[in-house]
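The values are calculated or read from the model by the stated rules, or taken from the named source; none is laboratory data. What you see is a predicted model, and the numbers here were worked out from it, not measured in a lab. Here the Cβ positions follow ideal geometry from the backbone for every residue, glycine too, while neighbour counts run over all protein chains shown.
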Amino acid sequence: MKVALQNNYLNHLQVLLARLTNRQQYRDAVTRDVEFLINNQRRTPRGLLYIDRSGTLGLAANAALIMLQVNTHLFYQYM
């Protein structure tokens, strides 16, 4: 998962393809990535996502944007 998050284009492309084609394989890939972030990703002592030592803020911002896109465009509700 860490490799996929570091490749910004892959995750955003999967979200875009899921929105445009509505194919289940893209929806599953995006859903799996988001569920990993929510349930299994390492966290800081205060509960923030910790993805990697280098580029921490950029990776966290990328993860947040992907989760927002999934929630608003694919109607996948986590709350």
Tally, over the stretch 27-76, of residues that are among the aliphatic types (A, V, I, L, M), over 18 Å from HIS12 (Cα atoms) and exposed (fewer than 13 other Cβ atoms within 10 Å of the Cβ): 1
Selection within the stretch 19-77 - outside any helix (DSSP H, G or I), touching a helix residue (DSSP H, G or I) at 6+ places or on another chain (Cβ under 8 Å), at pLDDT 80 or above and of a type in the set (Ser, Thr, Tyr): TYR50
Which ones in the stretch 28-58 are small (Gly, Ala, Ser) and in contact with a Phe, Trp or Tyr (Cβ under 6 Å, 6 or more places away or on another chain)? none
